[in-house]
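The values are calculated or read from the model by the stated rules, or taken from the named source; none is laboratory data. Note that this is a predicted model, so its numbers are computed, not measured. Glycine also receives a Cβ, built like all others from the backbone with ideal geometry; neighbour counts cover every protein chain displayed. Remember, those area values only see protein heavy atoms, side chains included, never the ligands or the DNA or RNA. Shrake-Rupley method; radii C 1.70, N 1.55, O 1.52, S 1.80 Å.
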Amino acid sequence: MNLKLLTSISKSLLLARWKQTLVAAIGVTFSITMFITLLSFMSGLNDLLDGLIVNRTPHVRLYNEIQPSKKQPIDLNSEYKNHYNFVSSVKPKNELLQIQNSGAIMQMLKHDERVLGVAPKITAQVFYNVGNIDLTGVINGIDVEAENRLFLFKDYVTAGNYIDLKNTPNSIILGKGAAEKMLANIGDVIQVTTTKGERLQLKVVGYFQSGLQDIDKVQSYASMATTQKLLGESNAYVTDIQIKLKDILTAPKVAKELGKLFDLEAIDIQTANSQFETGSSVRSLISYAVGITLLIVAGFGIYNILNMMIYEKMDSIAILKATGFSGKDVQKIFIGIALTIGLFGGMLGLLFGFGLSQLIDQIPFNTAALPTVKTYPINYNPKFYLIGTIFSIVTTYFAGYFPSRKASKIDPVVIIRGK
Amino acid sequence: MSNIILSAKNISKSFHDPVTVQILKEVTFTINKGEFVSVIGKSGCGKSTLLYILSTMDTDYEGELQIDGMMMANKKEAELAVVRNEKIGFVFQFHYLLNEFTVLRNVMLPGLKLGKYPFKEIEHRAYEKLKILGIEKEALKPPNQLSGGQKQRVAIARALINDPVIIMGDEPTGNLDKKNSEIVFDIFQELSKEFKQTLLIVTHDNEFAERTNRIIEMEDGRIIRM
Ligand SMILES: Nc1ncnc2c1ncn2[C@@H]1O[C@H](COP(=O)(O)OP(=O)(O)OP(=O)(O)O)[C@@H](O)[C@H]1O
Ligand SMILES: [Mg+2]
């Protein structure tokens, strides 16, 4: 009953000054609109850029690295166990990049609960022969189907059909940049030379575009079999095992564990791409900062209108108090006004924010670097709307709190005496 | 004993701005149920100051105040608000009506705050009060469309809505012309005679005062006649 009465008084005071309250509400609407739009857009952009990496990077990658042995023979000699042994000019052993027992490892990984999928890979250093010139390049030998399933390979094949790589023997999908340099069209045959001097003719069945220019100038894709043939290796030859996990956050832990278990190098996605996360979080931070700044400005608008209203309504406050409304009641009345402005303005802001995001979502955004993206990216995460609502309520509450506390402290005697 | 509605004992008050001046000096008196009491005295003798203390709005004083058998000392702000709401009706020189509400709603507000009756009942009672004051026709108008005398009558209706044990007025006819003052005074008379309403009215109008049950006269913060 009491609350109903207080809200009805709030409403009447508010409606009597509807123009000013509307202006204050528009301030909130504007800031929430911008807040939502900015965050949706920035977050969409972040997802897009992260996607460039995250979609195509294994969560954990197992490989061999050419490096000097950590234990030199002298370290194994029990006689010199308690000595400091200095060996200079240590060289790496002639050890293969090949992962031993890759088939068994992959079988085991496929049965691991945490693993979503496993794809083998071979990296081969090559030269693309263009007339007299040799361009350095890398051919990734992939299991085409697994690669597509786990790393959306198809999305990045901008010309030609990706599955041809599997079905056509001795075929290659060239990086867009590399293809342009070689003037190689689809259907053409190009020649590559391995670091060991082997030569092979390969048929171009498509172009690959990752969005990262430097990669597209160098990398190409071929099937596992073609690459093994190119290198003159057996069909057990695998240099990398790429693992996609169910939960990306467990990658560092899993990487450590698998590296130890199989005695291989293991790198997780977070370590491999830490710079991307930094970029994302800075962009989010900026959006939040701008959004909150706007809201605080809107908060001052509410603060002003309330102060003005209280100044105008001194008499009313005095008589309310004289006839039995307590200071708390008066405070609630004015907080009610502030919250109404905040809620009304905030809700409209959410709607407008959604609308504006949809508008941006329609704007064409064609860039050579991002073949799958046609319009500006927007992330419609409900989280932003929730945060927007909470922020608008909290700021308006505080904007209303101080003036309304002042109102609650008004001494009716002073007002009535002043008349 | 139960006949005493209001009792003031040794009430003193000083203002300290800029120098300490004692305005009320050990004011002691009681008001019985159904009495119509007027307070007179020269301008500046402390009548309003006393009334604000009696009305519980001013709590900065020494002495004892009892309203309807309840001690007012040590009561919290919210508790005093309840006392004002339930037991005291006010009429000031200025009407203090809220222009955002209709006349009827203005009268209803203290009743809605008390919440003793349902909304419809309060509305009905507000109409009744307006009828006693002869302004029920203006019930649905906003207060700013009423004449000064009518506004003051609405203020009286508002003071009556919760059937207070006492009505206090600080020069309620101070802003009115002769004719309207007469009307308001007649209303007070009627409330006193017909409804046995207890009234405590500060006034400058000696003629008015003469027609009340009892006159309390003040001078320099003291009661010199009662
Ligand atoms: N806030 C204040 N600070 C200092 N002195 C005050 C204050 N309020 C009132 N006074 C003084 O207290 C005295 C009594 O004031 P009060 O208003 O009670 O007089 P009053 O009897 O009601 O006069 P009037 O008949 O003119 O209304 C006056 O001398 C006034 O100057
Ligand atoms: Mg006075």
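Only one residue in A:180, A:147 is touching a Phe, Trp or Tyr at 6+ places or on another chain (Cβ under 6 Å) and either assigned to a helix (DSSP H, G or I) or aromatic (Phe, Trp, Tyr) (or both), so which one is that?
It is A:147.
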Segment A:278-300, residues that are in contact (Cβ under 8 Å) with a residue 12 or more places away in the chain and open to solvent by 70 Å² or more (accessible area, probe 1.4 Å)
A:286, A:296, A:297, A:300
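Need at least 3 residues that are among the aliphatic types (A, V, I, L, M) per element, so show me which strands (runs of 3 or more DSSP E) inside segment B:160-226 make the cut, counting only ones lying wholly within it.
Those strands (runs of 3 or more DSSP E) span B:166-170, B:199-202, B:214-219.
Please determine whether any residue of segment A:272-281 is in contact with a strand residue (DSSP E or B) (Cβ under 6 Å, 6 or more places away or on another chain) and either assigned by TED's automatic domain parsing to the domain that holds residue A:144 or of a type in the set (Phe, Trp, Tyr) (or both).
no
Can you tell me which residue in segment A:398-419 is nearest to ligand 2 (Cβ to nearest atom), limited to those that are open to solvent by 90 Å² or more (accessible area, probe 1.4 Å) and away from chain B (no Cβ under 14 Å)?
It comes out as A:406.
One line per residue, one yes/no per condition, for (1) open to solvent by 40 Å² or more (accessible area, probe 1.4 Å); (2) farther than 15 Å from residue B:94 by Cα; (3) within 13 Å of another protein chain (Cβ to nearest Cβ):
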site	(1), (2), (3)
B:112	no, yes, yes
B:121	yes, yes, yes
B:138	no, yes, no
B:144	yes, no, yes
B:148	yes, no, no
B:154	no, no, yes
B:159	no, no, yes
B:188	no, yes, no
Members of segment A:301-315 that are away from every other protein chain (no Cβ under 14 Å) and open to solvent by 50 Å² or more (accessible area, probe 1.4 Å)
A:303, A:304, A:308, A:311
If you go through segment A:201-217 one residue at a time, how many are in a strand (DSSP E or B) and buried (at least 20 other Cβ atoms within 10 Å of the Cβ)?
6
Which residues, counting only those in segment A:321-346, are touching a residue at least 24 places away in the same chain (Cβ under 8 Å) and of a type in the set (A, V, I, L, M, F, W, C)?
A:322, A:330, A:333, A:334, A:335, A:337, A:338, A:339, A:341, A:343, A:344
Given the condition hydroxyl-bearing (Ser, Thr, Tyr), within 11 Å of residue A:409 (Cα to Cα) and within 12 Å of another protein chain (Cβ to nearest Cβ), answer yes or no: does some residue in segment A:318-326 qualify?
yes
When residue B:107 is run through (1) among the β-branched types (Val, Ile, Thr); (2) surrounded by fewer than 22 Cβ atoms within 10 Å (Cβ to Cβ); (3) more than 16 Å from ligand 2 (Cβ to nearest atom), the failure sits at (2)
When residue B:87 is run through (1) open to solvent by 10 Å² or more (accessible area, probe 1.4 Å); (2) over 26 Å from residue A:3 (Cβ atoms); (3) at pLDDT 90 or above, the failure sits at (2)
Looking at segment B:1-34 only, could you name the residues that are assigned to a strand (DSSP E or B), of a type in the set (D, E, K, R) and under 30 Å from residue B:193 (Cβ atoms)?
B:9
Quick check on segment A:218-232. Is at least one of its residues open to solvent by 30 Å² or more (accessible area, probe 1.4 Å) and of a type in the set (Gly, Ala, Ser)?
yes
Exactly one condition in (1) open to solvent by 60 Å² or more (accessible area, probe 1.4 Å); (2) part of a helix (DSSP H, G or I) is false for residue B:93; which is it?
(2)
For segment A:4-20, give me each residue that is more than 11 Å from every other protein chain (Cβ to nearest Cβ) and at pLDDT 85 or above.
A:7, A:18, A:19
What's the number of the only condition in (1) within 14 Å of chain B (Cβ to nearest Cβ); (2) open to solvent by less than 60 Å² (accessible area, probe 1.4 Å); (3) on the phi < 0 side of the Ramachandran plot that residue A:345 fails to meet?
(1)
Any chance segment A:316-326 includes a residue that's in contact with a strand residue (DSSP E or B) (Cβ under 6 Å, 6 or more places away or on another chain) and surrounded by 17 or more Cβ atoms within 10 Å (Cβ to Cβ)?
yes
From A:378, A:360, which residue is closer than 30 Å to residue A:152 by Cα, touching a residue at least 24 places away in the same chain (Cβ under 8 Å) and in a loop (DSSP other than H, G, I, E, B)?
A:378
Which of the residues belonging to segment B:42-59 are within 8 Å of ligand 1 (Cβ to nearest atom) and more than 13 Å from residue A:417 (Cα to Cα)?
B:42, B:43, B:45
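Looking at residue B:128, is it farther than 22 Å from residue B:214 by Cβ, open to solvent by 40 Å² or more (accessible area, probe 1.4 Å) and in a helix (DSSP H, G or I)?
Numbers: farther than 22 Å from residue B:214 by Cβ: yes; open to solvent by 40 Å² or more (accessible area, probe 1.4 Å): yes; in a helix (DSSP H, G or I): yes.
For residue B:128, the condition - farther than 22 Å from residue B:214 by Cβ, open to solvent by 40 Å² or more (accessible area, probe 1.4 Å) and in a helix (DSSP H, G or I) - is met.
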Of everything in segment A:355-378, what is open to solvent by 50 Å² or more (accessible area, probe 1.4 Å) and in contact with a helix residue (DSSP H, G or I) (Cβ under 7 Å, 6 or more places away or on another chain)? Give them in sequence order.
A:356, A:372, A:376
Taking segment B:34-59 and the residues there that are near ligand 2 (Cβ under 9 Å from one of its atoms) and either closer than 13 Å to residue B:226 by Cα or within 12 Å of the chain's Cα centre (by Cα) (or both), the one that is nearest to the other protein chains (Cβ to nearest Cβ) would be B:48
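Answer with yes or no whether residue B:174 is more than 14 Å from every other protein chain (Cβ to nearest Cβ), at pLDDT below 90 and open to solvent by 10 Å² or more (accessible area, probe 1.4 Å).
no
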Within the set of pairs 6+ apart or on separate chains, which have a first residue in segment B:182-196 that is without any contact (Cβ under 8 Å) to a residue 60 or more places away in the chain, a second that is of a type in the set (Ser, Thr, Tyr), and C-beta atoms under 8 Å apart?
B:184/B:173; B:185/B:173
The lone condition residue B:221 fails out of (1) on the phi > 0 side of the Ramachandran plot; (2) at pLDDT 90 or above; (3) not charged (D, E, K, R) is (2)
